[in-house]
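Have a look at the structure below before the remarks.
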Amino acid sequence: MEESCVLAAGEAVLLYTDGLYEMQNATGERLGHEALAALLPRPSREQEATEWLDIVIDKATEYAGSVAFPDDIAAFAAVYKG
């Protein structure tokens, strides 16, 4: 299946493996797709994709706290600068 989308200036795409959204916090709650989306800051046109991805990983790590990651994480980010 092939799909496409059009991004406006400042919008971004984040692709990630299950290791990111299956991250758990100290009470055992999984992060999940919706909570991950809520944690994501909106990137700016001036921001590089790698900077935005670092913020995404930092936010997920903050959510997990001292809990070890249960799985490996792979992620790709692209920010359209327009």
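The values are calculated or read from the model by the stated rules, or taken from the named source; none is laboratory data. Not measured: the values here are computed from a predicted model. Quick reminder, even Gly has a Cβ in these numbers, built from the backbone with ideal geometry, and neighbours come from all protein chains shown.
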Of 50, 17, which residue is exposed (fewer than 15 other Cβ atoms within 10 Å of the Cβ) and closer than 14 Å to residue 80 by Cα?
50
How do the pairs read when you match residues in segment 64-82 that are in contact (Cβ under 8 Å) with a residue 60 or more places away in the chain with residues anywhere that are aromatic (Phe, Trp, Tyr), using Cβ under 7 Å and keeping only pairs 6 or more apart or on different chains?
75/16; 77/52; 79/52
Quick one: in segment 8-43, of everything that is of a type in the set (Ser, Thr, Tyr) and touching a strand residue (DSSP E or B) at 6+ places or on another chain (Cβ under 8 Å), which residue is farthest from residue 78 (Cα to Cα)?
21
In the set 32, 10, 82, which member is surrounded by fewer than 15 Cβ atoms within 10 Å (Cβ to Cβ), modelled with pLDDT under 85, at positive phi and over 10 Å from the mean Cα position of the chain (by Cα)?
82
I'd like to verify a number: residues in segment 8-56 that are of a type in the set (A, V, I, L, M, F, W, C) and without any contact (Cβ under 8 Å) to a residue 24 or more places away in the chain, how many?
3
